[in-house]
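Participant: Below: one structure in structure tokens.
The values are calculated or read from the model by the stated rules, or taken from the named source; none is laboratory data. Computed from a predicted model, the values in this text were never measured in an experiment. Methodologically, a virtual Cβ is constructed for each residue, glycine included, from the backbone with ideal geometry; neighbour enumeration extends over all protein chains shown. SASA here: full protein model, heavy atoms, side chains in, ligands and nucleic acids out. Shrake-Rupley method; radii C 1.70, N 1.55, O 1.52, S 1.80 Å.
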Amino acid sequence: MAKVLTGAGLRGQSAGETALCTVGKAAAGLTYRGYDIDVLADKASFEEVAYLLLYGKLPNVSELQAYQQQLIALRPLPDALKAVLELVPKDAHPMDVMRTGCSFLGNLEPELTLAEQQTAADRLVATLPAMVLYWYRFSHHGVRIDTHHPDIPSLAGHFLAMLHDEEPDPLHVQVMNASLILYAEHEFNASTFTARVCASTLSDMHSCITGGIGSLRGPLHGGANEAAMDMIEPWKTPDEAEAALLQKLTNKEKIMGFGHAIYSERDPRNDIIKKWSEKLSESVGDPYLYDVSERCEAVMWREKKLFCNADFFHASAYRFMRIPTKLFTPIFVCSRVTGWAAHVMEQRANNRIIRPSADYTGPDHAEWIKLEDRP
Ligand SMILES: CC(=O)SCCNC(=O)CCNC(=O)[C@H](O)C(C)(C)COP(=O)(O)OP(=O)(O)OC[C@H]1O[C@@H](n2cnc3c(N)ncnc32)[C@H](O)[C@@H]1OP(=O)(O)O
Ligand SMILES: O=C([O-])CC(=O)C(=O)O
């Protein structure tokens, strides 16, 4: 039988089944449980999408109200977790803070039985924003914030209120809501696959999500929104951006926020977040950042036929909402935890340990050499 070549990065290989999401149908589509991303980002709240992913259907009015109340009730952090967060230094990366916070919560509130998986997932959805912002405000501003805010129903508004210590601007809440929906789920991407591999060993929810956070952190995955901001921030005009970008391409550098492993024509999330970024840029009177971003998009398409992925215009959108760059990827976590947890549950429901094989490339046989005789 002919040998099947897997190629690097398992590209194009099916690694299992899912009923949660389709990515890249007709080269560019994205659906969550059959619902088109354009419709969800336009009409749904993030809480509705979280419920859709975690409970398998869109909630009705009373289910949504009950779910929102449940998430609000789950927001306060245990004192022991706050004490740990206060120990993490100011210059730590917030993704590392979230990794630690998630793992530590697993010590305080372990998921001991399968019956507890839904509660463990909801608790993480409710507390991950609180964890990162409790640490951020304590380490950067010396304040111990109240993370409960029962008066603010949405996770989008809650995040912004904890960050800025003010009533969130309704436009910003709308954009954050859309952003959280766009980032919620994406089939077998690297971080979700990490979570599923962990789940396949019958490990606990906190270990699966902690692993997901670690995989999302890298700049080839979720870390690209932060890396894209770091790249474009110094460019003050579109012409400056174009010259610098061309130089990077000549140097064969990877341009963060562009390209995708599955989409071949466009990332549908980009169209949505780009529109919001433009609207925000008008609302804040941005002198150049949106134009710089648009020029990058045009140059990358012209030179390399590479399109913006979900991360690129998230950078400017978040900047217009005064979100510090290092908190960009943590927002991705606050959203993607829904997708990760839904995948963990799906994996557990029909589990077989995930254990692919490797093509061996080492020596056929190695002769043992005594320690003292080795060169
Ligand atoms: C939410 C998310 O996680 S979306 C992804 C976020 N990540 C980034 O934005 C990081 C930048 N992008 C990349 O590194 C890649 O496009 C990835 C990781 C997203 C996908 O990687 P792959 O599937 O291996 O890319 P692909 O096979 O399509 O690459 C084809 C060619 O385009 C090049 N290419 C792909 N993306 C880029 C890029 N952003 N900048 C420059 N060149 C690129 C590759 O180097 C490769 O060139 P080669 O054939 O000369 O080696
Ligand atoms: O699907 C991927 O490989 C990366 C991605 O866009 C995501 O996880 O949102």
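Participant: If Tyr67 satisfies every condition in (1) under 25 Å from Gly214 (Cα atoms); (2) touching a Phe, Trp or Tyr at 6+ places or on another chain (Cβ under 6 Å) but one, which is the exception?
Facilitator: (1)
Participant: Which residues, taken from region 310-331, are near ligand 1 (Cβ under 10 Å from one of its atoms) and part of a loop (DSSP other than H, G, I, E, B)?
Facilitator: Ala310, Asp311
Participant: Here is a further query. Can you tell me which residues in region 274-309 are within 30 Å of Gly12 (Cβ to Cβ) and either within 12 Å of ligand 2 (Cβ to nearest atom) or not in a helix (DSSP H, G or I) (or both)?
Facilitator: Lys305, Leu306, Phe307, Cys308, Asn309
Participant: Could you give every pair whose Cβ atoms fall below 8 Å, whose first residue belongs to region 134-145 and is in contact (Cβ under 8 Å) with a residue 12 or more places away in the chain, and whose second residue is of a type in the set (Lys, Arg) and open to solvent by 30 Å² or more (accessible area, probe 1.4 Å), counting only separations of at least 6 or pairs across chains?
Facilitator: Pairs found: Tyr134/Lys82; Tyr134/Arg144; Arg137/Arg144; Phe138/Arg144; Ser139/Lys90; His140/Lys90; Arg144/Lys82.
Participant: Moving on. Can you tell me how many residues in region 339-375 are in a loop (DSSP other than H, G, I, E, B) and hydrophobic (A, V, I, L, M, F, W, C)?
Facilitator: The total comes to 6.
Participant: Output the residues belonging to region 266-282 that are within 12 Å of ligand 1 (Cβ to nearest atom) and out of contact with any Phe, Trp or Tyr (no Cβ under 7 Å at 6 or more places or on another chain).
Facilitator: Selection gives Arg269 alone.
Participant: Would you check which residues across region 223-254 are under 20 Å from the mean Cα position of the chain (by Cα) and not in a loop (DSSP other than H, G, I, E, B) and list them?
Facilitator: Ala224, Asn225, Glu226, Ala227, Ala228, Met229, Asp230, Met231
Participant: Would you check if Leu371 is more than 17 Å from Thr192 (Cβ to Cβ) and open to solvent by less than 10 Å² (accessible area, probe 1.4 Å)?
Facilitator: no
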